Amino acid sequence: MDKILEAKNLKISFRTSNGAVKAVRDISFDLERGKTFAIVGESGSGKSVTSRAVIGILAGNAIIEGGEILYDGKDLLKIEEDEMHKIRGDKISMIFQDPLSSLNPIVKIGNQITEAMILKNKSNRREARKDFNKMLAILKSNMIAADKTSNAEKISDLIKVFDKCNIVANQYENAYNNAYTKAIDLSSDIKDALFKHEKKQKTDFTALLGNCAARLKKISDKFLTVGYNDRLTELSAQCHRLKKLSKSEDFENKATVLLGSVKDFLADMTSAVRPSFFQIGYYLLKYPDTSIGEKPIERLNEEALIYLNKNFLDEFLSFEKLGVIYSYNRALKKKKSVLEPLHKAKEYYSGDFTHAEAVKYAEDLSKQVEESIDKLEIIKDNVAYTFRTGLLTAINRYFTCKKRNPKEERRFAKQTAKHDKSLAAGKKVDWKVIPKSVYDLDDLKEDIVSVVNRLIKKYDRYIAESTDIDFDARSLALIEYFKEKASQVVYRVTKNMAKEMAIKLMEEVGIHEPRRRFYQYPFEFSGGMRQRIVIAIALVANPDILICDEPTTALDVTIQAQILELINKLKRERNLTVIFITHDLGVVANMADTIAVMYAGKIVEYGTADDIFYNPRHPYTWALLSSMPELATSEKLDTIPGTPPNMIYPPEGDAFAERNKYAMEIDFEQQPPMFKISETHKAATWLLHPNAPKVDIPKIITDRIERMNKTGGSNNE
Ligand SMILES: Nc1ncnc2c1ncn2[C@@H]1O[C@H](COP(=O)(O)OP(=O)(O)OP(=O)(O)O)[C@@H](O)[C@H]1O
Ligand SMILES: [Mg+2]
């Protein structure tokens, strides 16, 4: 299974004046790439809190008590906000229940989409330049350090050439992008004009043709226009000629046809093969005056690559590989040597220490860990990278709670005494004692130790796998990394480019006439259309993961189905991973691959959609299933009796016990563990204990399963 994100033992509470609300109580789940994971449960069960934790937007009074969310080599709970900022929206996006709350009412829809694109592009370019330079400096120092044959000068030269080659490539790519942008701009304006004309709005074709003639002439680039130059000149001349015939019969029709072919021509030109600038950069570095702009791009790419490999890259790679190996081995050695201090730290943090000592110890240790990281690794190791923040957070939490606990005990004792005294005096008492929120210090200490432990385990594994590394692949991947960063530096998204991308995106999410609707305000859209726009905005940066928090609750049933269909379609086409949150199991029947049923901050049942619908095991899942409306029958709905527990003092035992007619004594006393039912399916209910009395699935559910089996569907169609 290709896990894209893992949440482990997540615990989140909220500080309130009435005590700590324990909103999420130790939940774990995995997201499989390209699949939909649904979280289902009643209001207040902790669904939104869970998803907000993933994207790092918990309320200010939230306390992350423990756990981790691993994504792309990082623990999202431990990284700094500016790093989270890069992930949020870019890699993980979210849409909410109420589309209006995500849209600015006084900004045109189109601008709301393009703004995000342009801003993101600016920061991407800045970041890319930084990343490129930083990595190159690291590579260089490792290559030199690896060198045993006093080739330092040679290496310096190679790096210089490599850098230069990228700079030259950048210049050509930049020029190419500029010409490309001009083509897209012109094409965008033509499309707008043709669209207006089609809608019977007045269009000044004379001016447009003149404008077109001039702008076509200006599109010129060594590479972009190879093979297109004659047609460019020809079209420009045609526009110029036709412009003068504005009085002639059928002028508008002729103009439309000509502009149509200009549009098609531009589309053709801008979708041609892109030059591989890196290799061309090298080629041109050596032969600055070649008449390179005459060869077809495909051939040029091939020839330049052969030339680059033969004359430079093969040699560069051999030295680069030494650097990569050197960096790896150095880090490996440090990893081995940091294991002992890590084991000592485990002991240390199990004993007694003051706050200042513990922090100092953590800082020293973190420095050693920092040095054990292989800086040339492209995919970062999350555990090592977040070790320092993780350790310090755990330490600080321990001491904060240690200080707060006695205060809290005193406050509680004082309030209780006052309360009791008033009662004893026969006074009317209209206030309650705020329950105490004290933390188990042993647990908190254990958390510190577990941060260290995790790194030990990780490093043990790393060391065990160290004989099995493909350094050739690593070296090539590093070159690809540089190429990609260099390309990002000169990739500038202009207003018109963003507009065309936005219109495409609007089309993709099912907005008709996006070219017109681009200029409208949110109030001019219906609820369903607004939700589509919000989805489009969420997709701007092409994220890996899309979180949908009850995205259809505010919509009527038919629109609901359309939006669900849209999310399904986007998931397929973009290989998105979806977290879908709802209180209605019926909604996810058609779309979820796996389902977690949540109750009072815990996952009570977890399985594939088939597990949950065909073999539900937790009484709460039964309750949810039997309260699902079913169109095929006029069956009376079973509502779930009672209300969820107060999460400031969650019950000792199974939180659902109070409302569970199958509850046994033990349900009120002890939390049930997760019982494994199959490889994919587990549930936390004492009914699954081998000694539990046999309880049959309620008839209303078995009847439904039978019906589903008959119709062959897995759902409530
Ligand atoms: N900022 C906050 N301060 C205090 N308590 C909070 C805060 N945010 C959420 N909670 C509490 O955390 C618990 C879980 O809330 P959450 O929003 O995750 O519920 P939910 O399952 O999404 O419900 P719904 O279906 O109503 O959206 C609730 O008891 C809620 O009152
Ligand atoms: Mg919610």
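Only the Cβ atoms of Lys and Arg (+1) and of Asp and Glu (-1) were treated as charged; on that basis the dipole of region 594-711 about its Cα centre amounts to roughly 220 debye.
Compute the helix-to-body angle for 152-198: its Cα long axis versus the longest principal axis of the chain, expressed 0 to 90° and rounded to tens. Roughly 90 degrees, rounded to the nearest 10. Toward the positive end of the charge dipole of the chain, about the Cα centre and with charges on Cβ (Lys, Arg +1; Asp, Glu -1), which of Ala362, Gln201, Leu505 goes farthest? Sorting the options by dipole projection puts first Gln201.
Helix 441-464 and the longest principal axis of the C-alpha atoms of the chain enclose an angle of approximately 40°. In whole angstrom, how far apart do the alpha carbon centroids of region 216-257 and region 39-104 sit? Their Cα centres are 51 Å away from one another. 3J(HN,Hα) couplings calculated from phi for region 415-420 with the Karplus curve 6.51 cos²θ - 1.76 cosθ + 1.60 (θ = phi - 60°) are, in sequence order, 5, 4, 4, 4, 4, 5 Hz; Gly and Pro show x. Taking amide H as placed 1.01 Å from N in the peptide plane, the amide H of Gly510 sits under 5 Å from none that are at least 5 places away or on another chain. Taking the inverse of the mean reciprocal distance over all distinct Cα pairs, the Kirkwood hydrodynamic radius of the chain comes to 30.4 Å.
Site pair Glu298 and Arg492 shows an inter-label distance of 3.2 nm when each label is modelled 7 Å from Cα along Cα→Cβ. For Lys495, the lysines whose Cα falls under 18 Å of its own Cα, not counting residues fewer than eight places away in the same chain, are Lys108, Lys120, Lys122, Lys182, Lys191, Lys504. Against the main long axis of the alpha-carbon atoms of the chain, helix 527-539 sits at an angle near 70°. In this structure, the pairs whose alpha-carbon distance is over 20 Å, taken from Lys8/Lys335; Lys130/Lys336; Lys160/Lys483; Lys360/Lys380; Lys78/Lys676; Lys47/Lys74, are Lys8/Lys335; Lys130/Lys336; Lys360/Lys380; Lys78/Lys676; Lys47/Lys74. Here region 153-274 is described by how far its Cα atoms reach on the three principal axes: 74, 27, 20 Å, from widest to narrowest. Here the contact order of region 153-274, divided by its residue count and restricted to Cα pairs under 8 Å and six or more residues apart, works out to 32 percent. So what is the calculated 222 nm ellipticity per residue for the chain, using -39500 (n - 2.57) for each DSSP H run with n of 4 or more, over all residues, to the nearest 500 deg cm²/dmol? Rounded to the nearest 500, it is -18500 deg cm²/dmol. Cβ crowding within 10 Å ranks His512, His197 as His512, His197, fewest other Cβ atoms first.
Once you charge only the Cβ atoms, +1 for Lys and Arg and -1 for Asp and Glu, what is the size of the charge dipole of the chain about its Cα centre, to the nearest 20 debye? The dipole of the chain has a size of about 2220 debye. Extents of region 594-711, taken as max minus min of Cα coordinates on every principal axis and listed largest first, are 43, 32, 27 Å. 3J(HN,Hα) couplings calculated from phi for region 300-307 with the Karplus curve 6.51 cos²θ - 1.76 cosθ + 1.60 (θ = phi - 60°) are, in sequence order, 4, 4, 5, 4, 5, 5, 4, 4 Hz; Gly and Pro show x. Karplus-derived 3J(HN,Hα) values for region 12-27, using 6.51 cos²θ - 1.76 cosθ + 1.60 with θ = phi - 60°, are 9, 10, 10, 7, 9, 5, 9, x, 7, 7, 8, 7, 10, 10, 6, 10 Hz; glycine and proline are entered as x. For Cys212, Cys401, the sequence from fewest to most other C-beta atoms within 10 Å is Cys401, Cys212. Under a 5 Å amide H cut-off, with hydrogens placed 1.01 Å from N, Ile95 pairs with Ile547, Cys548, Asp549 among residues at least 5 apart or on other chains.
DSSP bridge analysis restricted to the chain gives an antiparallel fraction near 60%, rounded to the nearest 5. For region 6-134, the relative contact order comes to 22 percent (Cα pairs under 8 Å, sequence separation of at least 6).
By the beta-carbon count within 10 Å of each Cβ, the least crowded to most crowded order of Ser487, Ser93, Ser150, fewest first, is Ser150, Ser487, Ser93. Summarising the amide proton neighbourhood of Ile648: residues at separation of 5 or more, or on other chains, whose placed amide H is nearer than 5 Å comprise Lys22.
We did not get these values from a lab; they are worked out from the coordinates using the rules stated. Given the structure is predicted, the values throughout are model-derived calculations rather than measurements. We place every Cβ from the backbone using ideal geometry, glycine too, and count neighbours over all the protein chains shown.
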